[in-house]
Amino acid sequence: MKTRILILMLFSSFLVLNSCTEDEEATAPVATATPTSQTITSGAATSISLTSSVAATTFSWTVVQAGVTGATSGSGSSIAQTLTITGTTSGTATYSITPTANGTSGSPVSVTVTVNPAASSAKVTYNANIKTLLASSCTPCHLTGGTHASKWDDYQTTKSKISGILDRVQRETTATGFMPAGGSKLSAENIALLKKWVDDGLLEK
Ligand code: HEC
């Protein structure tokens, strides 16, 4: 009987001791990221603040970028990084943030930042950009009074012939059909402008 009680006592004190140690280890911090997702314009900085359920928590993060540059892994109580898209379309940076307190790490939380192209990029229009571009490069042949039937000082004609125009101006200067005939190749900027006019929807104004 006595032995039984002794064993019981030993066992229960073991349980108490054991649960105490477990309690101490179980205080893993829970991280909160504010906001939990963010959308910024290319060239702008993220602003994500990190807080925790446990005092004196430190945060460290890793990041996976897609179509974005400028995001790096790091540590601190906020993420402020200038992100820029690498192409012309939106990209993302996905941060994985791990909180650590008293040597114990909590579960990582994830924050996705969407980076959109700069909204400032005004649309290319015929009246504002294309008419003068073609008038200065394709004169006199393709302007009213010129020798060629296709006239680039007319919006409808220019619009309907744009694929042919793009084809001709991108040919080798020595190739048959290169345009402007007898002239020099359009600058890369002007060719890009013609392409953007297509992308923007061939707007008149
Ligand atoms: C010196 C006169 C001259 C200049 C300058 C010139 N072209 Fe032409 N273009 C012609 C002639 C001639 C033809 C017909 C022969 C041919 O198709 O290659 C032609 C044909 C074309 C055609 C195919 C026919 C059509 O109507 O679709 C396109 C497209 C074209 N030119 C675009 C341009 C563009 C764009 C420019 C300016 C960047 C330009 N050309 C400058 C003389 C010129």
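Per-structure values
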| item | result |
| --- | --- |
| For the range 31-116, fraction of C-alpha pairs farther apart than 23 Å, in % | 20 percent |
| Rough spin-label spacing in nm, given labels placed 7 Å along Cα→Cβ, for residue 73 and residue 32 | 2.8 nm |
| Nearby lysines by direct alpha-carbon distance to residue 151 (threshold 20 angstrom, same-chain neighbours under 8 apart not counted) | 131, 159, 161, 185, 195, 205 |
| Projected-area mean, the range 126-199, by convex hull of Cα positions, square nanometres | 4.6 nm² |
| The range 53-205 - charge dipole about Cα centre, Lys and Arg +1 at Cβ, Asp and Glu -1, debye rounded to 20 | 280 debye |
| Paramagnetic reach from residue 80 (point 7 Å along Cα→Cβ, amide N under 18 Å) across the range 47-62 | 47-51, 59-61 |
| Length gained when the stretch residue 149-residue 88 is fully extended (0.36 nm per residue, less Cα-Cα span) | 18.3 nm |
| Cut-off under 5 Å, modelled amide H: who pairs with residue 141 long-range | 147 |
| Label-point separation in nm, residue 107 to residue 49, each point 7 Å along Cα→Cβ | 2.4 nm |
| Tail weight of P(r) past 29 Å, computed on alpha-carbon pairs of the chain, percent | 57 percent |
| Cβ-Cβ FRET estimate between residue 114 and residue 139, R0 fixed at 45 Å, reported to 0.05 | 0.50 |
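Laboratory data are not the source of any read-out in this text; all were calculated from the coordinates shown. This is a predicted model, so every value here is computed, not measured. Neighbour counts are summed over all protein chains in view; Cβ atoms, including those assigned to glycine, are modelled from backbone coordinates with ideal geometry.
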